[in-house]
There are 2 protein chains.
Amino acid sequence: MAEIIFTQDVNRKLKDILQSYIPKDIFVLTDNHSKDLCLPFFDKELILTNHFIEIEPGETHKSISSLEKVWNILSTQGAKRSSVLINIGGGMVTDLGGFAASCFKRGIHCINIPTTLLSQVDASVGGKTGVNFLGLKNEIGTFSIPDYVLIDTCFLKTLPRRQILSGFAEMLKHALLKGGEHLKAVMKFTPETISSTEFMQMLEESVEVKKKIVAEDPKEHGIRKALNFGHTVGHAIESYAIEKGIELYHGEAVAYGMIAELHLAVKKKGFNNEIYHQISQFINTLYTPYTSVTDGETLYKLMLHDKKNDNRGVNFTLLEAPGRISIDNYCSREEIIDTLQEIHFTI
Amino acid sequence: MAEIIFTQDVNRKLKDILQSYIPKDIFVLTDNHSKDLCLPFFDKELILTNHFIEIEPGETHKSISSLEKVWNILSTQGAKRSSVLINIGGGMVTDLGGFAASCFKRGIHCINIPTTLLSQVDASVGGKTGVNFLGLKNEIGTFSIPDYVLIDTCFLKTLPRRQILSGFAEMLKHALLKGGEHLKAVMKFTPETISSTEFMQMLEESVEVKKKIVAEDPKEHGIRKALNFGHTVGHAIESYAIEKGIELYHGEAVAYGMIAELHLAVKKKGFNNEIYHQISQFINTLYTPYTSVTDGETLYKLMLHDKKNDNRGVNFTLLEAPGRISIDNYCSREEIIDTLQEIHFTI
């Protein structure tokens, strides 16, 4: 498991850590967007004295071609197995950079500094790396653990409300998986009023939920599938949005995915209908209400690519109640399409 | 560790194994060349009833672009995490196919059926996968273990003498790493006179040498570097040949590399000069004598890309004597260039 460090002084921590690597072997990867917004938080020498790799931002550039660019620079600038790649940015940068590092010379060192809430709470933990392929999210990737993950909430100040909410969807997911007091606290969240101390504590608790699950099942043979709650429908919506050029954030797709999958859970696992409505309302108040995307058949077809599936059909993680997780629920085409129609996701 | 099965009935073994996979989830990867020469050894239903992926043969096609072709077919033909990719061919197919399988949806099942001596004795064991990048051998890859490796010497009948010798170089390497009676037996090898029973036994012993080293150190932090004996110089020669379009087999480059690295061992580790001359003569008799390639500086520069290097210079595995291995020997530019000149490898 990577060492996850929560800090309020990312520069000092990073400098301490870099003592253990060979100075001329340090490579920094970021995207244009994070370069402008996040690099100003770092001491100049850190960035200027090291090899620097810049890629284009956004899901469409989370591609084999960006990967080749990273490998090209690592190779031509003499990166060795002893080298370290520091990924500074959102999940796109840490996922792609983590994948690049895990395959270059069959694996070099890697440090992630996630700068969005989404990557801090989700991509930071668990060692999933990857790029998109043929419009499918993370179709190509590895399980590979970075040496360190540095989490500093200072970067969150650079984020617009919509991006904070995108990350918050994963926190809500963790809270639904855990249930109890943590869920109650998370359900009171409003980005405008929460104090930074409260938020930092909620973030640490949230990361802890994921860390515990991943430690039990690093390669997703069993309980780790719990973390896919909301993602079977969520990924299908997101894939569709990428394909059509619709701007939709990952967490937004997951938030809508959680509504759909809780609806399935009400029908199939006896999830309490009233709690479903509370959560559905909470999501629809916090996020732009999501009314229609495309027909259910199109979303269903996209779900058929989900990595958890086998020949038994589309595999869902459903909840019997908050904190009561049920993995490997196979739902039929009809059940899925009915749910999508009932919650008005499809036209 | 993969289950390595030596068999004289590859069809029966493969059919037994495939019982445990879902029939419509079976994909077969091969190259044009192995398709013509090796697929006739298999029962027709095995190949015809499964998804079939064909790539171009040869080191130049061990590339990201071939990899994308494989991923494309896996994705569009609905491969799942439960799917299995059967790689049938030489090291190029098993390395590339192993890499493709290890990253597709972050890892699907994989069975290797190596059909050249080189891949049976080397690529078959140890879980190194990869493709070439910017002219550098296996620059991009993973450590990933296939479910099974099936070794049947029937395929070797399809190979010309030169390819048998290419594989034999790795057997000689294993024998030098082991020493003793096994080395003596291997030093008596001639492709024309050896019986198939003797050869099968020698092959199993040879694979055993590698298997034991890999089991001790799967990710090459220490003793596994022993297996790179002959490869630091060998890979440089091979990279140069690829770049210039010179036809040179991997084992040929390794054979010449072993001469160079034994010469370094005589100078630096007190390796017995007489044994050096015996081995050097054995190699030069068996293989087309190798006189000159390029200048030492060019080869030295190619060695700087070797994955084992760090900032201390070019890292060699040297022998103090047959069976007495010394890893992590850093040689200077002068030592390397002098050796290459003394053994007439360079112009």
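The values are calculated or read from the model by the stated rules, or taken from the named source; none is laboratory data. Because the structure is a prediction, the values reported are computed rather than measured. Backbone-built Cβ (ideal geometry, glycine too); neighbour counts: all protein chains shown. Ligands, DNA and RNA are excluded from the accessible area calculation, which covers all protein heavy atoms including side chains. Shrake-Rupley method; radii C 1.70, N 1.55, O 1.52, S 1.80 Å.
Placing a label point 7 Å from the Cα of A:E208 along the Cα-to-Cβ direction, the distances to the matching points in the other copies come to 5.3 nm, shortest first. In chain B, a dipole from Cβ-located charges (positive for Lys and Arg, negative for Asp and Glu) runs towards its positive end, and of B:P191, B:L177, B:S144 it is B:S144 whose Cα lies farthest in that direction.
The mean number of partner chain beta-carbon atoms within 10 angstrom of a residue's beta-carbon across peptide B:123-130 is 1.
Legend: translational diffusion of the protein assembly as shown by Stokes-Einstein, Rh = Kirkwood radius over C-alpha pairs, 10 °C, 1.306 mPa s; D = 59 µm²/s. Here's the picture: a label point sits 7 Å out from the Cα of B:E54 along the beta-carbon direction, and within the range B:24-41 the residues with their amide nitrogen under 13 Å of it are B:29-40.
For the range B:247-347, relative contact order (Cα pairs under 8 Å, six or more residues apart, normalised by length) works out to 33 percent.
A:Y21 label point (Cα plus 7 Å toward Cβ) to equivalent points in the other copies: 3.8 nm, shortest first. Net charge dipole, the protein assembly as shown: roughly 620 debye, given to the nearest 20, about the Cα centre with Cβ charges of +1 for Lys and Arg and -1 for Asp and Glu.
Placing a label point 7 Å from the Cα of B:R312 along the Cα-to-Cβ direction, the distances to the matching points in the other copies come to 5.2 nm, shortest first.
Normalised by the number of residues in chain A, the mean separation of alpha-carbon contacts (under 8 Å, six or more apart) gives a relative contact order of 14 percent. Under a Gaussian network description of chain B, with springs only between Cα atoms under 10 Å, the residue in B:I86, B:I194, B:I237 that fluctuates furthest is B:I194.
Within the set B:K35/B:K69; A:K188/A:K269; A:K244/A:K301; A:K184/A:K267; A:K301/B:K24; A:K128/A:K308, which residue pairs have Cα atoms separated by over 20 Å? The pairs that break the limit, which is 20 Å between Cα atoms, are A:K188/A:K269; A:K184/A:K267.
Each part reduced to its alpha carbon centroid, the range B:200-250 and the range A:181-233 end up 45 Å apart.
Mean separation of Cα pairs under 8 Å and 6+ residues apart, divided by the residue count of the range A:21-175: what relative contact order is that in percent?
Relative contact order, the range A:21-175: 22 percent.
Accessible area per residue for the protein assembly as shown is 38 Å², calculated with a 1.4 Å probe on protein heavy atoms, without ligands, DNA or RNA.
Taking 7 Å steps out from each Cα toward its Cβ at B:I47 and A:K268 produces label points 4.1 nm apart. Plainly put, chain A has a radius of gyration that is 0.96 times its Kirkwood radius, both from alpha-carbon atoms, as the Rg/Rh ratio.
With the simple spin-label model, which puts each label point 7 Å out from Cα in the Cβ direction, the A:Q278 to B:T153 separation comes to 7.2 nm. Counts of other chain beta carbons within 10 angstrom of each beta carbon in peptide B:94-106 average 4.
Full extension of the chain between A:T288 and A:S82 gives 69.5 nm of extra length, using 0.36 nm per residue less the Cα-Cα distance.
Check each of the GluC sites (Glu not before Pro) in the range B:210-269 and keep only those in coil by DSSP with at most 13 other C-beta atoms within 10 angstrom; list them in order.
Sparse-neighbourhood loop GluC sites (Glu not before Pro): B:E247.
With helices as the sole contributors, the protein assembly as shown gives -14000 deg cm²/dmol at 222 nm; each DSSP H run of n ≥ 4 counts as -39500 (n - 2.57), and the sum is divided by every residue.
Classify the range A:95-158 as rounded, prolate or oblate, taking a ≥ b ≥ c as the square roots of the eigenvalues of its Cα gyration tensor: rounded when a/c is under 1.5, otherwise prolate if a/b is larger than b/c and oblate if not. The shape class here is oblate.
From the Cα gyration tensor of the range A:1-119, with a ≥ b ≥ c the square roots of its eigenvalues, which class applies: rounded if a/c is under 1.5, or else prolate if a/b is larger than b/c, or else oblate? Because its axes are fairly even, with a/c under 1.5, the range A:1-119 counts as rounded. Charged side chains reduced to their Cβ positions (Lys and Arg at +1, Asp and Glu at -1) give chain A a dipole of some 680 debye around its Cα centre. Averaged over residues, the count of other Cβ atoms within 10 Å places the peptides B:174-186, A:100-112 in the sequence A:100-112, B:174-186, highest first. Note on A:147-153: average number of Cβ atoms from other chains within 10 Å of each residue's Cβ is 0.
Farthest towards the positive end of the charge dipole of chain A, among the residues A:L14, A:A241, A:G78, is the Cα of A:G78, using unit charges on the Cβ of Lys, Arg, Asp and Glu.
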